[in-house]
Amino acid sequence: MKELEGIGPLALGRLIQSRAISCVEATRHSLEVIQRREHQCSAFLKVTGEQALTSAQGVQKRLDAGDESLSPLAGVPMVLSDSVCVKGTATTCGSKMLEGFLSPYSSTLWERLQAGGAVLLGKTALDEFALGISGESCAFGPARNPWDTRLASEGGAVAVSCGEAFYAVGSDGFVALRRSAPFCGVSSLRPTYGTVSRYGLVAGTSSLEQAGVVGRTILDCAQVLALIQGRDSRDSTTVDGPMLDWNTSLRGLRIGMPESYLDVELDLDIRQAVLAASKQLETLGASLVPVELPLADDLLPVYYVMACGEISSNLARYDGIRYGYSAKDAGDLMELYRQSRGRALGSRVKEHILLGNLFLSGDGGEDYHQKALQAWELILQGFEDVFTRCDMILSPTAPRTVGEKPGDLLELYRQSIFTAPASLAGLPAVTIPCGLDAKGIPMGFQLTGKPFGEGELIAVGHGYQSATDFHLRIPGEVGE
Amino acid sequence: MKIDAALLERLQDLSRIRLSEQERKDFQAGAALILDEISRLSHLELEEVSGRSSPSRCVNVFREDTVEPSTDQDAILAQAPDREGRYIRVFKTVEQGDEA
């Protein structure tokens, strides 16, 4: 259906409510796009077409019966990353360790979306245990950036970029979701830590990860966040944040430009695109102010030590006994652990577990962990201070548009320089497309806000997208 | 800090992971670069600073003590690689005569 290409979830929701289109027709449209584009882009680990059509019929019945619990996005086809549990369906988190695992329960965020009438098309590819920056390490093969299919990408961003789904929800664990979205020409929103329940998200880096949303526009992301946010008794870190309000004027808003980022080696195209975006934001009424990030040179080491420690602890649950892969030829318990984990976990995950155990054990690395926890406190205090001088921080999303090199741990670490601070400090962030590089790959900028400052970030992102059209470009299909 | 063969063996034990020969070589090379980057933390003077355990300020959270249905036991047990009836089968870890 040509008329559905490029429209957002809220617009589709209105068409469905006005009966201009049925839920089943909208779902069939998405399944047709998936059939057409999936062979190039591999966004999905599993397409659940039959279930989606059945679900669409159910939502249509609820609509026709006047069910008032339905959301404005009822009947809109969407995807979840394969780190989000849905009862009775496969959840692999991109790892062979969980191949064949059927989740016995649903995540809170899916329950909320389902209650509002979301139609799930399937689960999308992600880095193994969300441990990466571009989806490259997915054990079942990465999704492909539709702008250049040689580049790996996070599956949810690919599905939205291609028009296979109208929005995507997934883990913003390491940073792949936020980094992939602008490189696929779409927008993303990571809310403040504790805004969305992590119950039913496969745990990796518990203190750093949060559910995030991908949509064509930042307003699409905001509409979805409004459905999934809020306190959940099953996740004690959740809170009822303030009501989302993005009717803030840009006039007078202070956008911080970190001085430490001037020294980062960047692709020239990215530097110019982000500078042009900053000028556009100035034109819209915001003012740019220089800021210094707390412990700017030490943010990445702190982030990395904590991420490794939490990964090693969280992934200790994969023991080959209760669920997931189990080595059938082990002769004793210790061999069962070692062989199951050695065979089914990918190299990158194993490397992080080993480093995590170095940092958490008494084998010489524990001083780093203690220092990281102390530095974390200073970083969090430092951001409080930064946000007395500005309302949000502007940065690129990544230093380069090219993906990571498989096996290059240091590159993985360095490519996180702009996105890791929000994860570390639990801050909200949005990423917005802002141009194409010389190779025709979309680029983006990131705005990081103060805790529960999502509304201001959305307002600025929306102001920018109202004045530009970078987010409206749709990647062509091979053969077009 | 260097990860020599003995330390790598110890980390594999702690991690309950057996690496292949190639993985051991790759890990030692990659970890050396990462540890070099991380070593800058040792220069920070943080004696006066207490550590943090969460990005948000932790508060006690209470909920009503009400009985709710739990996750379906059959669905959980169905995921176990090896089971017997309503039990998950594991290797024997206690030998006769081990009792205190």
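Listed here are the residues, each with its yes/no results for (1) within 13 Å of chain B (Cβ to nearest Cβ); (2) crowded, with 18+ Cβ neighbours inside 10 Å; (3) assigned to a helix (DSSP H, G or I).
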residue	(1), (2), (3)
A:LEU275	no, no, yes
A:GLN280	no, no, yes
A:VAL289	no, no, no
A:PRO294	yes, yes, no
A:LEU299	yes, yes, yes
A:TYR304	yes, yes, yes
A:SER312	yes, yes, yes
A:GLY320	yes, yes, no
A:ARG338	yes, yes, yes
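Tell me which of these A:ALA327 doesn't satisfy, since it passes every other one: (1) more than 8 Å from chain B (Cβ to nearest Cβ); (2) open to solvent by 20 Å² or more (accessible area, probe 1.4 Å).
(2)
What pairs can you find where one residue is in the stretch A:176-202 and part of a loop (DSSP other than H, G, I, E, B), the other is open to solvent by 10 Å² or more (accessible area, probe 1.4 Å) and of a type in the set (Gly, Ala, Ser), and their Cβ atoms are less than 7 Å apart, with a gap of 6+ or different chains?
Filtered contacts from the stretch A:176-202: A:THR192/A:GLY241; A:TYR193/B:SER56; A:GLY194/B:SER56; A:THR195/A:GLY241; A:GLY200/A:SER106.
For the stretch B:65-79, does any single residue satisfy the condition of being within 7 Å of another protein chain (Cβ to nearest Cβ), on the phi < 0 side of the Ramachandran plot, surrounded by 14 or more Cβ atoms within 10 Å (Cβ to Cβ) and assigned to a loop (DSSP other than H, G, I, E, B)?
There is at least one residue in the stretch B:65-79 that is within 7 Å of another protein chain (Cβ to nearest Cβ), on the phi < 0 side of the Ramachandran plot, surrounded by 14 or more Cβ atoms within 10 Å (Cβ to Cβ) and assigned to a loop (DSSP other than H, G, I, E, B).
Just need a number here: residues in the stretch A:199-223 that are open to solvent by 10 Å² or more (accessible area, probe 1.4 Å) and of a type in the set (Gly, Ala, Ser).
Qualifying residue count for the region: 3.
Which of the residues spanning the stretch A:349-367 are in a helix (DSSP H, G or I), open to solvent by 10 Å² or more (accessible area, probe 1.4 Å) and facing chain B (nearest Cβ under 9 Å)?
A:GLU351, A:ASN357, A:LEU360, A:ASP367
Can you tell me which of (1) in a loop (DSSP other than H, G, I, E, B); (2) β-branched (Val, Ile, Thr); (3) in contact with a Lys or Arg (Cβ under 8 Å, 6 or more places away or on another chain) is the one A:THR149 doesn't meet?
Unmet condition: (3).
How many of the residues in the stretch A:368-384 are facing another protein chain (nearest Cβ under 7 Å) and open to solvent by 10 Å² or more (accessible area, probe 1.4 Å)?
Number satisfying all stated conditions: 8.
Which one of B:ARG52, B:ARG40 is closer than 27 Å to A:TRP376 by Cα, facing another protein chain (nearest Cβ under 9 Å), in contact with a Phe, Trp or Tyr (Cβ under 6 Å, 6 or more places away or on another chain) and of a type in the set (Lys, Arg)?
Result: B:ARG52 is the single residue among B:ARG52, B:ARG40 that is closer than 27 Å to A:TRP376 by Cα, facing another protein chain (nearest Cβ under 9 Å), in contact with a Phe, Trp or Tyr (Cβ under 6 Å, 6 or more places away or on another chain) and of a type in the set (Lys, Arg).
The values are calculated or read from the model by the stated rules, or taken from the named source; none is laboratory data. All figures in this text were calculated on a predicted structure; none of them were measured in a lab. Using ideal geometry, Cβ is built from the backbone for each residue, glycine included, and neighbour counts are taken over all protein chains shown. All accessible areas refer to the heavy atoms of the entire protein, side chains included, with ligands and DNA or RNA removed. Shrake-Rupley method; radii C 1.70, N 1.55, O 1.52, S 1.80 Å.
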